[in-house]
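The structure appears right after this line, and notes come after that.
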Amino acid sequence: MSLSKNGIKVSILLSAFNTSVKIGRIMPPRTVLWEATRRCDFRCVHCGAYDGKNSEIDEIDTAKIKQIIEELENIGVKYFFATGGEPFLRDDLMKMMSFAKSIGLKTGISSNGFHIKDEHFEQIKKYVDTMQISVDGIGKTHDDFRNKKGSFEAATNALRRIKENGKTRICMTTTISDYNFDEINELYELSKNISHGWRVVATMPIGRAKNNKKLFLSKEKMNELLLFIEKNSTKKNPIFICENLGYLGRMEKLRKGEFFFCGAGILSCCIGADGNVRGCPELPAEKRFIEGDLDKDSFAYVWENGFSKFRENKLIPPQCFSCKYFGPCRGGCHVMQLENMHCSVKRFDL
């Protein structure tokens, strides 16, 4: 995709949204992510959790999340995805997926795969349209990275069984770092056998990851990774590039039919485990990023009256506005901005 075409698509999307704001009928988000829980019994090296207290919150109960899902469908949301923490630690997860599916929403789950039980696989086939499960290395590399013995076997087994169900679209996701860089070829080969695609993710500079330099690729390794993707990704066995890498300059062509756009506050948002709404599940659950509370207001009210920082470009670093790539990039990933890591073009000479 050429630079001009990418910029035009972003411009059209923003124009449509801004028009809806002007006429007082704000377009609903296309996708809503539900942070089903912050509980997790893994201690992953790259986890964005700030501290152990992150899991000690009052979660939205079943009746409330069901009410929220119903409202999402009523206002025109298309996709409802569950993330975490580890969403399978929530007992009513599949009940909520079933309900969302029954009223017409497309559903998805992001999981580490460890807590998917035998009875879940048939439920996934019936109620879940798409899933992604993380594999961050081969065998011991993954187990050490996730600080959980047996996690590699559990993740790969879950991927394989879900792919075999013939209904759910399953993607293997990998956070690429110095811990697993030497295994990218093996990881890609593995993904071909047990998933419908491989999603490559950059480490977010938050939580445990923030001060661990080994988690962030050098310019040389990032360029090597992108060249690997260019050489190996095929229509049958695609390699997807996560949006947190931002706009990729001359290598943006690797997204193929897709294009970079951070949809937080415009196309998507996240409902936190406690009912607080923020733009993205990766943004820290801090007051400065909270747009509203679903214990007090409806989702529609929060969507229509919050998110000004996203919609009015208040989060975009000032230097980005004069950049020649501003049109298609718009400041890159908001989470990467927290540590000035949002400009992949400059970081990796792209």
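The values are calculated or read from the model by the stated rules, or taken from the named source; none is laboratory data. These numbers come from a predicted model, not from an experiment. All Cβ positions, glycine included, derive from the backbone under ideal geometry; neighbour counts span all protein chains shown. What goes into the accessible areas is simple: the full protein's heavy atoms, side chains included, and nothing from ligands, DNA or RNA. Shrake-Rupley method; radii C 1.70, N 1.55, O 1.52, S 1.80 Å.
The residues listed here are T130, T203; of these, the one that is among the hydroxyl-bearing types (S, T, Y), in contact (Cβ under 8 Å) with a residue 12 or more places away in the chain and surrounded by 21 or more Cβ atoms within 10 Å (Cβ to Cβ) is T203. Residue count for region 273-299 under the criterion of being within 15 Å of Q67 (Cα to Cα) and part of a loop (DSSP other than H, G, I, E, B): the result is 8.
Of the residues contained in region 243-253, none is found to be at pLDDT 95 or above, charged (D, E, K, R) and open to solvent by 10 Å² or more (accessible area, probe 1.4 Å). When restricted to residues that are modelled with pLDDT of 95 or more, assigned to a loop (DSSP other than H, G, I, E, B) and on the phi < 0 side of the Ramachandran plot, region 300-313 contains 1. The condition of being of a type in the set (D, E), farther than 25 Å from L215 by Cβ and either open to solvent by less than 40 Å² (accessible area, probe 1.4 Å) or at pLDDT below 95 (or both) holds for only one of D293, D297, that being D293.
Within region 156-176, the residues that satisfy the criterion of being touching a His at 6+ places or on another chain (Cβ under 7 Å) and buried (at least 19 other Cβ atoms within 10 Å of the Cβ) are I170, C171, T175.
Which one is most open to solvent (accessible area, probe 1.4 Å) among residues in region 65-103 that are of a type in the set (S, T, N, Q) and closer than 16 Å to T31 by Cα?
Residues of region 65-103 of a type in the set (S, T, N, Q): 67, 74, 83, 98, 102.
If we keep only those that are closer than 16 Å to T31 by Cα too, we end up with 74, 83.
Details: N74: 115, T83: 25 Å².
For region 65-103, the residue satisfying everything is N74.
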